[in-house]
């Protein structure tokens, strides 16, 4: 059964020694159990405003992030595996590789946190190191 939640996202990217971070809080929904669940919300940040994001977590280990709207993308983040993913930006579409070092999910009664640490690569080189922490309650 879907539950209304407040979603807080802390996102950090390091590229060429420069780190950019942002925090966003928005309303969303949670559906599922402690290990298999879906968190949905609407983006509120800059050029992604108006996009809808669906994060699906399977067995607390594999996360698929599907974004629809002006910049549709589908990312798969799974610890110890590299996935090729399509990512769209205001500057165009690209195929990127995502390798996760950390996927940590802790959920109890529809409240919880999801922590991801991963690298993005394209054309054989690491483009950025990323940290994403999502808290929902």
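The values are calculated or read from the model by the stated rules, or taken from the named source; none is laboratory data. Model, not experiment: these values are computed from the prediction. With ideal geometry, Cβ positions are generated from the backbone for all residues, glycine too; neighbour counts draw on all protein chains shown.
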Mind listing whichever residues of region 102-121 are assigned to a strand (DSSP E or B), more than 13 Å from the chain's Cα centre (by Cα) and exposed (fewer than 14 other Cβ atoms within 10 Å of the Cβ)?
-> 106, 108
Can you find a residue in region 24-34 that is within 20 Å of residue 118 (Cα to Cα), part of a strand (DSSP E or B) and touching a strand residue (DSSP E or B) at 6+ places or on another chain (Cβ under 9 Å)?
-> yes
Which numbered condition residue 39 misses (of (1) within 19 Å of residue 134 (Cα to Cα); (2) at pLDDT below 95; (3) within 16 Å of the chain's Cα centre (by Cα)) = (2)
Selected residue (only one of 66, 48 is out of contact with any strand residue (DSSP E or B) (no Cβ under 7 Å at 6 or more places or on another chain), surrounded by 15 or more Cβ atoms within 10 Å (Cβ to Cβ) and without any contact (Cβ under 8 Å) to a residue 40 or more places away in the chain) = 48
How many residues does region 4-28 contain that are under 17 Å from residue 106 (Cα atoms) and more than 15 Å from the chain's Cα centre (by Cα)?
-> 2
Among residues of region 29-45 being free of Cβ contacts under 8 Å to residues at least 24 places away in the same chain and over 17 Å from residue 108 (Cβ atoms), the residue surrounded by the most Cβ atoms within 10 Å (Cβ to Cβ) is 40
Out of (1) buried (at least 16 other Cβ atoms within 10 Å of the Cβ); (2) in contact (Cβ under 8 Å) with a residue 60 or more places away in the chain; (3) over 14 Å from the mean Cα position of the chain (by Cα), the one residue 97 does not meet is (2)
